Amino acid sequence: MPAQEMSDVLVVGSGIAGLAAALGAAREGSNVTLATKATRPEGASSWWAQGGIAVSRDDPEQFKADILAASDGTADPAAVDVLVENANEAVEDVLFDTLAVEFDQNGDGPDYTREAAHSEDRILHVDAATGKHIHVPFLNYLDAHESVEILDDTAALELIRHEGRIHGAMLESDGEVAPHYAGSVVLATGGIGELYGRTTNPDDATGDGIAMAALAGADVEDMEYVQFHPTVCIPDESRGDSTAGGVTADADGDVFLVSEAVRGEGGLLRNGGGERFMPDYHADAELAPRDVVARAVKAEREATGEVTLDVSPLDFAAEFPGLAERCADHGVDWESGIPVAPAEHFLCGGVAVDEYGRTTLDRLYAVGECSRTGVHGANRLASTSLLEGLVWGLRAGEDAAGRDVGRIDAPDLLDRDPDLPEKFARDKFHRLRRVMDEQLGVERDLDDLGRAMAVLRRLKGEVDAYVRTRTSRSLYELRHASVTALLVARHAAENDRSVGTHNLVTEPAEPPADD
Ligand code: SIN
């Protein structure tokens with residue numbers, strides 16, 4: 001049973017955005033409950049972030065220009081202004097002054113690095129393991145904060161809603177379900193990696209916040225913009241076992257991210273014939289926007305059998321000791337090139353929010369990857385996700401503070417039978433991932449999307465039938481995944497403009513010419 005059943009602000013999720021929201025609300029004098037499914041820091045995507053956190057330094061306008069260019073002009077300039085104008089102050093305040101994060105230094109101060117599509121060195125980092133060096137001290141800081149209670153291994157199943165206002169959420173812990181009432185709820189549940197066969201996300205990324213918000217009636221936008229990271233190491237292929245394809249692999253499992261910072265420092269992509277190919281695809285070669293590189297890697301893998309990241313131009317072991325060790329642990333001989341493929345990495349869309357993280361429902365906020373601020377448009381610029389989570393998290397937490405807690409009748413989830421047949425969940429997830437991998441991956445065919453939606457709609461119907469009689473965490477995760485997958489498919493089917501991460505291989509049919 002959750003330890004406390006009422007708080008001023010309930011935050012759901014423990015990545016950087018959720019932690020920043022908790023901090024923002026606590027600083028305003030609110031008591032905060034932070035509920036997270038994670039049982040250890042690695043359960044949040046932020047922990048896995050490698051490259052770093054971009055800041056504006058002394059040129060916010062150039063930072064803005066880079067974000068807009070990477071998004072192919074689809075990012076919302078007003079949202080980007082919020083990000084670039086608040087970046088330096090938020091990082092200074094929280095990461096330097098409050099948490100004393102020890103970013104890598106050179107003789108002149110912080111060792112700013114560069115990643116794809118950045119026009120200057122502006123990324124603060126700690127080796128290529130920045131996420132955990134921020135996340136762990138942040139968690140510890142809040143754990144010791146007298147106004148913040150962290151409930152781990154606790155899942156939010158549904159929002160409590162009455163007449164357009166959110167009053168809290170139904171929380172599940174250790175099989176027990178109970179309402180938690182709050183003046184405001186901040187969703188910070190992260191991404192949707194579990195909807196795909198190959199992802200950089202941790203296991204829990206089932207789109208919970210997006211699905212709960214959408215089911216409660218909040219607007220959701222840009223769901224078709226699913227970003228695939230181009231260089232995810234696939235160790236099985238280097239060991240001659242290429243069966244890893246359709247299985248779930250995650251940040252904890254067999255595949256792992258090889259930061260874009262490696263290309264920023266000189267790493268080169270080579271195809272199965274040993275040829276460097278990126279200059280044929282884009283003037284910026286390996287440092288082209290992420291969507292361009294992901295498509296090129298996919299195409300070259302299909303044409304030549306494999307793609308490897310050649311790290312011989314840099315001192316890999318010295319510059320990226322953590323990654324070199326990870327390769328060794330997975331039996332990858334990085335000196336012969338790291339075998340890479342695209343994998344699902346980040347959802348650019350999500351629950352639609354304004355500049356304070358406010359959704360279209362009263363007292364409901366969304367921050368971080370589950371939200372759609374407009375900063376990323378159709379393709380996110382590298383190392384802006386931690387920053388977006390930090391900036392919007394603080395702003396949302398401050399705004400969410402100080403609201404009255406209203407109690408209404410909680411939804412009746414009590415007729416429960418926790419014994420969800422394991423095979424049911426496994427089979428449904430398997431079907432869901434097959435559709436997402438085949439029809440909603442790096443490339444989409446408009447002609448297939450209607451069929452994808454039909455399969456996903458049927459699947460959601462089967463899951464909903466179970467939800468009417470059972471209440472278990474795994475069933476709700478499956479429900480959230482099926483709702484979120486359907487949203488991705490629907491938004492993709494409704495968008496006939498090929499842009500950024502939404503890459504259409506067939507053009508929409510021309511309307512018949514008038515006689
Ligand atoms: C990376 O290190 O390549 C990932 C950075 C990001 O996703 O922003």
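Each reported figure results from applying straightforward, stated rules to the coordinates on display, with no laboratory input. Just so you know, these numbers come straight off a predicted model, no measurement behind them. Cβ sites come from the backbone with ideal geometry, for glycine too, and all protein chains shown count toward neighbours.
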The stretch 13-144: relative contact order in percent, alpha carbon pairs under 8 Å with at least 6 residues between: 34 percent
Gain in span if fully extended, residue 145 to residue 65, counting 0.36 nm per residue against the direct Cα distance: 25.0 nm
Per-residue Cβ neighbour rank within 10 angstrom, fewest leading, 27, 263, 114: 27, 114, 263
Can you give me the distance in nm between label points at residue 412 and residue 284, each placed 7 Å from the Cα along the Cα-to-Cβ direction? 5.6 nm
Averaging sequence separations of C-alpha pairs under 8 Å and six or more residues apart, then dividing by the length of the chain, give the relative contact order as a whole percent. 23 percent
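Membrane-span-like helices in the chain: DSSP H runs reaching 27 Å or more (Cα, own axis), mean Kyte hydropathy at least -1.0?
Sorted by number, the helices that extend far enough and score high enough are 446-467, 473-494.
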Burial order of peptide ranges 33-46, 445-458, 387-400, 80-93 (average beta-carbon count within 10 Å, highest first): 387-400, 33-46, 80-93, 445-458
Label points 7 Å out from Cα along the Cβ direction at residue 98 and residue 506: separation in nm? 5.0 nm
Below 11 angstrom from the Cβ of residue 356, what's the summed charge of the other residues (Lys, Arg +1; Asp, Glu -1)? -2
In the neighborhood of residue 440, defined by Cβ-to-Cβ distances under 11 Å, what is the net charge if each Lys or Arg adds +1 and each Asp or Glu adds -1? -3
Sticking with the crude label model, points 7 Å out along Cα→Cβ, report the distance from residue 108 to residue 426 in nm, one decimal please. 5.7 nm
